[in-house]
Amino acid sequence: MDDRNRPLDTICPGFSETIIITNVNYLIWVVLSMVTELVLTAAFPLQSGLVPRGTRAFVFERIFEVFLLLGTLVGVVVVGYMLYNAYKYRSGSGKGHVDEGNRLVLGELPSGSGGGRKLFTSFFMSMVIVVSLVSWTYLTLLYVEEGPADDESLDVEVEGYQFGWRFTYPNGHTTDGVLRVPADRPVQLTITTADVFHNFGVTELRVKSDAIPGQETETWFTADEPGTYTAQCYELCGAGHSYMSAEVIVMPPDEYEAWYANATAENATADNATANESSADASVAAQSNLRPAVVP
Amino acid sequence: MTDASPERDAAVDGGHEVAHGDDHGHDFPGTGSIKRWFVTTNHKDVGVLYVVTSLFFLVLGGVLAWLMRVQLLAPRALGEGILSPVAYNQAVSAHGLLMVFWFLSPFAFGFANYVVPLQLGAKDLAFPRLNALSYWLYLFSGILFGVSFFQGGTFSGGWTMYAPLSVPTFTPDVGASTAVLALVLFVASVTVSSVNFLTTMHRMRAEGLTLRNLPLFSWTILLTAWMMLFAFAALLAALLVLSSDRLLGTTYFAMESPAGALLWTHLFWFFGHPEVYIVFFPALGVMAEVFQTFTGRRIVGRKWFILAMVLVAIQSFAVWMHHMFLTSINLQVKTLFMITTIGISLPFDLMVFALIYTMLKGKIRFTTPFLFVFGALLLFIIGGITGVFLGAVVLDYEFRGTYWVVAHFHYVMVGGVTALVGGLYYWFPKMTGRMYDEFLGKLHFAVYFVGFNLLYFPLFVAWETPRRVFDYAPELAPWHQLATVGGFVLGLSFLIMFYNLFKSAFAGDPAPDNPWEYATTAEWAVSSPPPLENFDGTPTYRNGRLEFLDIGEVTPSEGRASGPTGAAVSDGGVTASATATVSSALSTAEATEVEGPSHASIWPFVLSAGAFLVLLGLSPLQDAAFPEGMVGAAYATTTVAGGVVTLGSLVAMGLEPFHGPVFEEGEAWPFAGIDNGKVGMWIFLASDVVLFGGFIGAYVFTRVAFGWTGWEPIPPDPIPGLVNTYILLTSSFTVVLALVAAEKRHKWGVVTSLGATFVLGIGFLVNKGLEWQHLFHEGLWLSTNVRASTFFLTTGLHAAHVIAGLVVALYLTARAWRGAYLEDSRSVEYFGLYWHFVDIVWLFLFPLFYIL
Ligand code: HEM
Ligand SMILES: [Cu+2]
Ligand SMILES: [Cu+2]
């Protein structure tokens, strides 16, 4: 394998490399500014300001999109750069620049090649991207953590058990397997469990929280589309874990009010019947030989 | 096995030219003999054993993965599919545990065993018998895990083992307990191994090979071993508490326990996050070595690369709560852990760029090893980018518990596997002396890489699928079907590898010493495979590059040469007494005769088999009782038999004359001039500190959750504890006296002081026994409440340490009686270190449990 240096490299060692380096760093800058622009203009037409606020689903979607976009771009640039150079410097291409005075020898003490500058430039840029992205999402985190104001939200207590979910409304009304909420109104959930560790999540509404024995966790969501959604358990909790779901029915506010006025602590059974019919999975699980719930 | 020193003659002759290949002595059989593989303590043999065994577990874990992938072909209603719900949960859990513990790390440590001593210029690890012991403990822990499938079903609570699903109330199968005990045995193996590697790597580097000059693969192993030492000690604490909850009926993790579930998440993830780097670092080391060799360039920014890894290794212990963003931790803590998490991801950017820039201006040869590490880097980049998503807390809130996480960690971990497979091809010629088939290797890579992405990439798209679930939204089914196809392609690609390597191992072209142009590390400077004791002369880097000195050239420095090894290693906990005795056994090998190093001992194997039987026998315990009837009796008998085998092999090991590698101290920072045995003891005690730290942390955490002041101390009466404090302090003093007497060569002084220590220790135990007896009479038992649980278990763990110490003290006294330790008092000194440590622990436990 002899060294066939191109004349250019002989005249100016590292010349082609300089161009490449500038290129990859340049590319990353282009990506960065493009994205900043996108973030500022396209991504948030509905919102004033940089930080997405709105329903959980909305803020998640905005941030996810930006991450996907940026992640893909960075991935494509870095991987593309890697593949390009792997091809370019393949042995036999003649581009290789192994100078004989400095070739690797068996038994030498390890040392490094130079190139710290470009290494740090790239490192610095990746740091800028990551840190700025995450700090940006942090502002949204603050918003999410703050939660809705107490007086406007509907408070529901959620209790997981092997293998289902119980919901208790402010008036003491309890349902099993079905959560009814009004559209466009924040719902504040207080979540716990009667037995093992579970995790309550409604993926379409982008809300999720652990259900921990002896502890309460809080989370919230606002649903803007009436309809039926599925809540599922996101922490392995035993044989019925795959089927540990509940229905989340988002109702137009007036319908909800009518339903709620009728719902009292006593007439819980009516709704539970519907629940069991509608969530066939849960009832199958209940009848089957899945291990019985320890706390009924 | 009394005379296990085949090289004695050669050594006495003054030539330390040792036999190559198979022709050494009659006691040490050749590689073709089955017996060799049971007795060998040679690091290269052990390395081969690790690699082969781990690949076996890869197949096992892979078959479980296939079963799951078949189940996931379509959303399954109850009763559909090939696995029942419980079977699916078992498959998920066993797959995760097998792949992470029994495949990935041991695979990497197979290479570490083989290559690191060569790269250091050492003839073997510091404690060869302990190295064999690590291997056999590992193998038997895997077998124990295998047995768990047949005891009503293995553990089904996920590899994260979240409480309280992990306690018998919810997972009552005996097999679940067995799986937990198998993990305990595995941790014992890891701890012994970490102590051994750390001692070796710090103490036995060739002259001129300072830490800065260590090859990158060795660097990654060094950092991995440090992380393992501490992280696995934390895991051991968690597992011992869990075992006790399962077998003895303590209530740390019970549903009713205040914050038991949270306690587990803290303990587990304190281990779990460093574990991520523990499995990944060796892969990074392989990448760095293979990149340099096949690009023909030294790595760019080497010092920064090392610095980045050191930072990651340290910081890995400060990010664990990012796995708990959805628990009740508050915003401040979340913010802190978000910052540390982002912080720890940045050094990886630097490492990735360093590898990429190393290719520039190189002459890249796309051999099989390079293809695999190159592919691994691509996969790691994707894994890393998708990991940043998880670092953004708002996104993590939604990704938690979904296939996003599953896809991400498979990209990272199986990406690591990809690099290690590259390592397997890279070192295969060295390990077998034969070349693999390059075409089949490349074919393997092509199929593997396609299969991998077909398997895992669709999972990002189907990310809304909840994890560990086989009933998912029907519209996601096509993605899962793609993944299943990919799973089979990936799995079958390994058939190509097995065929290739198996055939080549017997019929491949003979490999030269160095088949790779531009390789620089020392393993390529010796024959393939290397001779039994690695080098024909003493390796040195004193002139800036590897040279071998003849025996005569070595500067004699009597005081520094460490002949027989003294190791004092125990892993605490269940096997504490077992390994503590090993310590004395090792440190008391006769040092009087001049003998060459030994390479064979059957006792590590026997000892591990004994430990296996003990744990198997204990597995059906509940509330500290065996089940009724024949089955219970059979288990109890197994325990006793195992105990006898274990103790017997410990004594045998202690009496067996065994000589560790002779070496001339070269670079030994920061332990220059300190005996290997002492360094080993210190390192082991450091891990024991973390073990007790875990227990004390668990106690404090539980008590805080309970309400610190509302917690009435058990026991109510502090007097027995106070008396015990005095007893232990006195016994520390007598150990010091014993050492002084030994140094003054005063035989009876040694005997009486050691005897006094023993008697004081017994006094401590008797006093404690009476105290416990009293508490039992008052109706307090381990399972009474969590206050009782913490008291009995924590002080019980301490008592187990005392008992282990007493076994050693008894052994030392008996030998002192026969005149030992007057020439060489190191055994007494190491025992003293251990004993003082146990006393100091008590000084913490006493106020915590009796006074506050
Ligand atoms: C070779 C290295 C591998 C490692 C280290 C690894 C590791 C893991 C771990 C730690 C889990 C989590 C287990 C749990 O949730 O308790 C897991 C889950 C899983 N793995 Fe692997 N795995 C490997 C290979 C594979 C392969 C080859 C396949 C497919 C053929 C596969 C398919 C799966 C599936 C389907 C799950 C279940 C995901 C879930 O529902 O949470 N894995 N793996
Ligand atoms: Cu669940
Ligand atoms: Cu982590």
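The values are calculated or read from the model by the stated rules, or taken from the named source; none is laboratory data. Just so we're clear, the structure is a prediction, and the values are computed from it rather than from any experiment. Glycine gets a Cβ as well: all are built from the backbone with ideal geometry, and neighbour counts include every protein chain shown.
Residue by residue through region A:177-208, note down the ones that are small (Gly, Ala, Ser) and either more than 12 Å from chain B (Cβ to nearest Cβ) or crowded, with 24+ Cβ neighbours inside 10 Å (or both).
Residues satisfying the conditions are A:Gly177, A:Ala183, A:Gly201.
So if I check each of B:Phe460, B:Phe372, which one is assigned by TED's automatic domain parsing to the domain that holds B:Thr295, crowded, with 21+ Cβ neighbours inside 10 Å and not basic (Lys, Arg)?
Testing whether each residue is assigned by TED's automatic domain parsing to the domain that holds B:Thr295, crowded, with 21+ Cβ neighbours inside 10 Å and not basic (Lys, Arg) leaves just B:Phe372.
Look through B:Ser166, B:Ser141 and report the one residue that is within 14 Å of another protein chain (Cβ to nearest Cβ), polar (S, T, N, Q) and within 26 Å of B:His266 (Cα to Cα).
It is B:Ser166.
Consider A:Ala275 against the criteria (1) at the interface with another protein chain (Cβ under 7 Å from one of its Cβ atoms); (2) at pLDDT below 95: it satisfies all of them except one. Which criterion is unmet?
(1)
Would you pick out the residues in region B:463-481 that are surrounded by 18 or more Cβ atoms within 10 Å (Cβ to Cβ) and not in a loop (DSSP other than H, G, I, E, B)?
Correct list: B:Pro466, B:Leu476, B:Trp479, B:His480.
May I ask you to verify whether A:Phe167 is within 11 Å of chain B (Cβ to nearest Cβ), under 30 Å from B:Phe170 (Cα atoms) and of a type in the set (Phe, Trp, Tyr)?
no
Being among the basic types (Lys, Arg) and either more than 14 Å from every other protein chain (Cβ to nearest Cβ) or touching an Asp or Glu at 6+ places or on another chain (Cβ under 7 Å) (or both) is the filter here, so list the residues in region B:181-224 that pass it.
B:Arg203, B:Arg205
Which residue is nearest to A:Tyr161 (Cα to Cα), if the candidates are limited to region A:222-242 and must be buried (at least 24 other Cβ atoms within 10 Å of the Cβ) and more than 8 Å from chain B (Cβ to nearest Cβ)?
Applying the filter and picking the extreme gives A:Ala231.
Yes/no per residue for (1) in contact (Cβ under 8 Å) with a residue 12 or more places away in the chain; (2) closer than 26 Å to B:Ala254 by Cβ; (3) not in a strand (DSSP E or B):
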site: A:Phe167; (1), (2), (3): yes, no, no
site: A:Gly172; (1), (2), (3): yes, no, yes
site: A:Arg180; (1), (2), (3): yes, no, no
site: A:Thr190; (1), (2), (3): yes, yes, no
site: A:Asn199; (1), (2), (3): yes, yes, no
site: A:Leu205; (1), (2), (3): yes, no, yes
site: A:Ser209; (1), (2), (3): yes, yes, no
site: A:Asp224; (1), (2), (3): yes, no, yes
site: A:Thr230; (1), (2), (3): yes, no, no
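From the list B:Ala288, B:Ala283, pick out the single residue that is away from ligand 1 (no atom under 16 Å from the Cβ), in contact (Cβ under 8 Å) with a residue 40 or more places away in the chain, part of a helix (DSSP H, G or I) and of a type in the set (A, V, I, L, M, F, W, C).
B:Ala288
Which residue pairs have Cβ atoms closer than 9 Å, lie 6 or more positions apart in sequence or on different chains, and pair a first residue in region B:304-330 that is in contact (Cβ under 8 Å) with a residue 12 or more places away in the chain and in a loop (DSSP other than H, G, I, E, B) with a second residue that is of a type in the set (Phe, Trp, Tyr) and away from ligand 2 (no atom under 16 Å from the Cβ)?
If the second residue must be of a type in the set (Phe, Trp, Tyr) and away from ligand 2 (no atom under 16 Å from the Cβ), the pairs left are B:Val319/B:Trp269; B:Val319/B:Phe337; B:Phe325/B:Phe337; B:Phe325/B:Tyr397; B:Leu326/B:Tyr397.
In this structure, does B:Gly285 turn out to be touching a helix residue (DSSP H, G or I) at 6+ places or on another chain (Cβ under 8 Å), of a type outside the set (Ser, Thr, Tyr) and more than 9 Å from chain A (Cβ to nearest Cβ)?
When the stated conditions are applied, B:Gly285 passes them.
Checking the condition of a type outside the set (Ser, Thr, Tyr) and within 16 Å of ligand 3 (Cβ to nearest atom), which residue from B:Gly285, B:Gly272, B:Gly301, B:Gly296 passes?
The match here is B:Gly272.
Kindly provide the set of residues from region B:25-83 that are in a loop (DSSP other than H, G, I, E, B), charged (D, E, K, R), away from ligand 1 (no atom under 16 Å from the Cβ) and assigned by TED's automatic domain parsing to the domain that holds B:Gly158, ordered by number.
The one that is in a loop (DSSP other than H, G, I, E, B), charged (D, E, K, R), away from ligand 1 (no atom under 16 Å from the Cβ) and assigned by TED's automatic domain parsing to the domain that holds B:Gly158: B:Glu80.
Are any residues in region B:708-742 within 14 Å of B:Tyr821 (Cβ to Cβ) and without any contact (Cβ under 8 Å) to a residue 24 or more places away in the chain, and if so, which ones?
Within region B:708-742, B:Leu737, B:Val740, B:Ala741 meet the criteria.
Taking only region A:104-161 into account, find how many residues are more than 7 Å from chain B (Cβ to nearest Cβ) and under 30 Å from B:Glu289 (Cβ atoms).
Residues that pass the stated criteria total 7.
Quick one: B:Arg745 ticks every box in (1) surrounded by 15 or more Cβ atoms within 10 Å (Cβ to Cβ); (2) more than 36 Å from the chain's Cα centre (by Cα); (3) in contact (Cβ under 8 Å) with a residue 12 or more places away in the chain except a single one, so which number is it?
Among (1) surrounded by 15 or more Cβ atoms within 10 Å (Cβ to Cβ); (2) more than 36 Å from the chain's Cα centre (by Cα); (3) in contact (Cβ under 8 Å) with a residue 12 or more places away in the chain, the lone unmet condition for B:Arg745 is (1).
This table checks each residue for (1) closer than 15 Å to B:Lys747 by Cα; (2) modelled with pLDDT under 95.
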residue	(1), (2)
B:Ala799	no, no
B:Val808	no, yes
B:Thr813	yes, yes
B:Ser825	yes, yes
B:Val828	yes, yes
B:Ile840	no, no
B:Leu843	no, no
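If you scan region B:356-369, which residues turn out to be buried (at least 24 other Cβ atoms within 10 Å of the Cβ) and more than 9 Å from every other protein chain (Cβ to nearest Cβ)?
Passing the criteria: B:Thr368, B:Pro369.
Filter region B:370-429 down to the residues that are closer than 19 Å to B:Met321 by Cα and more than 11 Å from chain A (Cβ to nearest Cβ) and list them by number.
B:Val406, B:His408, B:Phe409
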